[in-house]
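All remarks here apply to the structure that follows.
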Amino acid sequence: MLGTLGSPRAGRIDASSPAPFGWAPLVVLFIVGLVDRIEANLLSGVLPHIISEWGISDVAAGAIPTAAAIAGAVVAIPAGYLADRRSRTRIIAVVVFIWAIATAGSGLATGFAMFFAMRVLLAAAENIDNPASGSLLADWYPPVSRAKAYGLVRVTTYLGGIGTLIGGVLAANVGWRNTFLIMVIPGVLTALLVWLLREPRRGELDRVIAGGSGTENQVTVTPEPTPDSVPVTDKVPFGTQFGQVIRIPTLIFVCVGLGLLTLGLAGVFYWMTTLMVRSFGVGTDAAGSLSGLITVVGTLSGTLIGSWLGRRWHGTRKGGRLLAGGGGITIGALILAVALSMDTLAGLTVLTILASTSMSIAIPNMTACLADVVPASARGLGFAVLQLLITGFGAFGSLIVGIVSERTGSLLTGMYALVPVMVIGGLLTLGARASFERDAQKVLDAARTS
């Protein structure tokens, strides 16, 4: 029944179940992430039409994603504050509706300034929902299935090629303005779907797990948080809470590690199509298709493998998920270095897919680990710190490659400059294994006494 989406089965939390609240909440949040990425990436598909209509320069067109990234970084921490103090399902529903408004505004824009503002608004709204989504998943799914849950939701971040494809096809057939207006429909429908989700009590699942795996406790679920839903956060000043979060060693290692990975990936894959055109003389259509293939195949494969490894290694190896994710990043970065040295397009494509697959193993595992080491009352803020770093780092990847390329006269050299950065990111996440078990146990101990 739609009105009970996200409610515990039979009114009770079964700590032995991998999905005590069912899989419907995960499906809804997956749809949210997918619609988010499609709406955000429509721009790249319709960009030639926009440049032609308004006669804007490449610099002005390129400034849109930079301004969007800055806007996303600015709202990240306030979004975490809201996620720890307000109904998370309502936050996401309202934000998705704002996406729809911004998408409509993009299609109705009377000039480039208005269009620019709508894209920045869309980017800011996208970052507001991430902390709330990350916090909710930890209250719906126990550690044993968190890698799967976070993996399926986070993988949507890397499926932007779908939006580019849809944007290009629709713009060619119905015009770029109608393309944005058409995408308002799934945005509004998704907002309504999220509104039907029931808000779980913060930390209730942690308390059940801390009290003994396999037991069942009665849980009260209300449409919106009641005063006792967030007893800790309401009493702790934001400054104190923020200080507590950033002093969690595992969180810092994971966030910085993923930030460095994002810096590298954003730079390398932004220029991958151009590298193929310049180095192998292929057309932009073929190069773009290959770049999209690499991203989609590598990301999906790595996420599936990462979810499987995370489930098998969690609890059987010290920091098992960190071992899988950090090892995947490190090995993938080294494979990428070899891929960039290939003198054939086939060799570059195959090895880059392998590198992307290896690095994507981190997607489900790192975010699941983050949920394990941050208390339920502050998880929104924890995921906000992650979002701030990956958004901030990612904004400069393409710029670094461009600067090095211009100064050395070699695009390949610019891309190679980011390989050591990704290796360092992988090693940092591997280093988090030393503190993970201790930080995760603190969360369970706090839940047991709350």
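The values are calculated or read from the model by the stated rules, or taken from the named source; none is laboratory data. Note that this is a predicted model, so its numbers are computed, not measured. Backbone-built Cβ (ideal geometry, glycine too); neighbour counts: all protein chains shown.
List pairs: first in segment 104-123 and modelled with pLDDT of 90 or more, second part of a helix (DSSP H, G or I) and of a type in the set (D, E, K, R), Cβ under 6 Å, 6+ apart or cross-chain?
GLY107/ARG177
Residue by residue, here is whether (1) basic (Lys, Arg); (2) in contact with a Ser or Thr (Cβ under 9 Å, 6 or more places away or on another chain); (3) outside any helix (DSSP H, G or I) holds:
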site: MET118; (1), (2), (3): no, yes, no
site: GLU126; (1), (2), (3): no, no, no
site: ASP129; (1), (2), (3): no, no, no
site: GLY134; (1), (2), (3): no, yes, no
site: LEU137; (1), (2), (3): no, yes, no
site: ALA147; (1), (2), (3): no, yes, no
site: TYR150; (1), (2), (3): no, yes, no
site: ARG154; (1), (2), (3): yes, yes, no
site: THR157; (1), (2), (3): no, yes, no
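What number of residues in segment 155-176 are in contact with a helix residue (DSSP H, G or I) (Cβ under 6 Å, 6 or more places away or on another chain), of a type outside the set (A, V, I, L, M, F, W, C) and closer than 20 Å to ALA109 by Cβ?
4
Quick one: what pairs do we get from segment 127-152, first residue in the same structural domain as ARG202 (by TED's automatic domain parsing) and under 19 Å from ILE305 (Cβ atoms), second polar (S, T, N, Q) and surrounded by fewer than 24 Cβ atoms within 10 Å (Cβ to Cβ), C-beta under 9 Å, 6+ apart or different chains?
Partner pairs satisfying both residue conditions: SER145/SER17.
Show the residue pairs that are 6+ apart or on different chains and have beta-carbon atoms under 6 Å apart, the first residue being within segment 278-298 and under 15 Å from THR157 (Cα atoms), the second being surrounded by 15 or more Cβ atoms within 10 Å (Cβ to Cβ) and at pLDDT below 75.
From segment 278-298, the pairs are GLY292/GLY161; THR295/GLY161; VAL296/GLY161.
Restricting to segment 85-116, count the residues that are β-branched (Val, Ile, Thr) and not in a helix (DSSP H, G or I).
Here is the first cut: in segment 85-116, the residues β-branched (Val, Ile, Thr) are 89, 91-92, 94-96, 98, 101, 103, 110.
Cutting the leftovers down to not in a helix (DSSP H, G or I) gives us 110.
Looking only at that region, the number is 1.
On the given criteria, is PRO8 within 30 Å of GLU199 (Cα to Cα), of a type outside the set (Val, Ile, Thr), at pLDDT below 80 and buried (at least 16 other Cβ atoms within 10 Å of the Cβ)?
Here the answer is yes, as PRO8 does meet what is asked.
With the condition being at pLDDT 85 or above and among the β-branched types (Val, Ile, Thr), I'd like the helices (runs of 4 or more DSSP H) fully within segment 190-260 carrying at least 3 qualifying residues.
Filter on segment 190-260 gives 238-246.
If we keep just the residues of segment 431-442 that are touching a helix residue (DSSP H, G or I) at 6+ places or on another chain (Cβ under 6 Å) and in a helix (DSSP H, G or I), which is nearest to LEU275 (Cα to Cα)?
Going through the qualifying residues, I end up with GLY431.
Does segment 272-286 contain any residue that is at negative phi and either among the acidic types (Asp, Glu) or in contact with a strand residue (DSSP E or B) (Cβ under 8 Å, 6 or more places away or on another chain) (or both)?
The first filter runs over segment 272-286 and keeps only residues at negative phi, leaving 272-280, 282-286.
Next, only the ones that are either among the acidic types (Asp, Glu) or in contact with a strand residue (DSSP E or B) (Cβ under 8 Å, 6 or more places away or on another chain) (or both) stay: 285.
Yes, there is a match, as at least one residue in segment 272-286 is at negative phi and either among the acidic types (Asp, Glu) or in contact with a strand residue (DSSP E or B) (Cβ under 8 Å, 6 or more places away or on another chain) (or both).
Checking the condition touching a residue at least 24 places away in the same chain (Cβ under 8 Å), assigned by TED's automatic domain parsing to the domain that holds LEU418 and in contact with a Phe, Trp or Tyr (Cβ under 9 Å, 6 or more places away or on another chain), which residue from LEU265, LEU251, LEU309 passes?
After ruling out the rest, the residue left standing is LEU265.
State whether the residues of segment 371-388 include one that is crowded, with 18+ Cβ neighbours inside 10 Å and more than 30 Å from ALA210 (Cα to Cα).
Yes, segment 371-388 contains a residue that is crowded, with 18+ Cβ neighbours inside 10 Å and more than 30 Å from ALA210 (Cα to Cα).
Within segment 340-367, how many residues are touching a residue at least 40 places away in the same chain (Cβ under 8 Å), among the small types (Gly, Ala, Ser) and out of contact with any Ser or Thr (no Cβ under 9 Å at 6 or more places or on another chain)?
Result for segment 340-367: 1.
Would you confirm whether any residue within segment 56-66 is part of a helix (DSSP H, G or I), touching a residue at least 40 places away in the same chain (Cβ under 8 Å) and charged (D, E, K, R)?
No.
When residues of segment 72-84 are filtered for being in a helix (DSSP H, G or I) and either of a type in the set (S, T, N, Q) or in contact with a Leu (Cβ under 8 Å, 6 or more places away or on another chain) (or both), how many remain?
Kept after step one, since they are in a helix (DSSP H, G or I), are these residues of segment 72-84: 72-83.
Pick out the ones that are also either of a type in the set (S, T, N, Q) or in contact with a Leu (Cβ under 8 Å, 6 or more places away or on another chain) (or both) and you get 73, 76-77, 80-81, 83.
Qualifying residue count, segment 72-84: 6.
Report every pair of residues separated by at least 6 positions or lying on different chains whose Cβ atoms are under 6 Å apart, first residue within segment 405-423 and within 21 Å of THR262 (Cβ to Cβ), second among the small types (Gly, Ala, Ser) and surrounded by fewer than 18 Cβ atoms within 10 Å (Cβ to Cβ).
VAL419/ALA337
Do any residues in segment 20-39 that are aromatic (Phe, Trp, Tyr) have Cβ atoms under 7 Å from those of residues that are in a helix (DSSP H, G or I) and modelled with pLDDT of 90 or more, where the two are at least six apart or on different chains, and which pairs are they?
From residues that are aromatic (Phe, Trp, Tyr), the pairs are PHE21/TRP140.
Only one residue in LEU381, LEU428 is in a helix (DSSP H, G or I) and within 30 Å of ARG201 (Cα to Cα). Which one?
The unique qualifying residue is LEU381.
Restricting the search to segment 170-189, which residues are closer than 30 Å to ILE91 by Cβ and part of a loop (DSSP other than H, G, I, E, B)?
Matches in segment 170-189: MET183 only.
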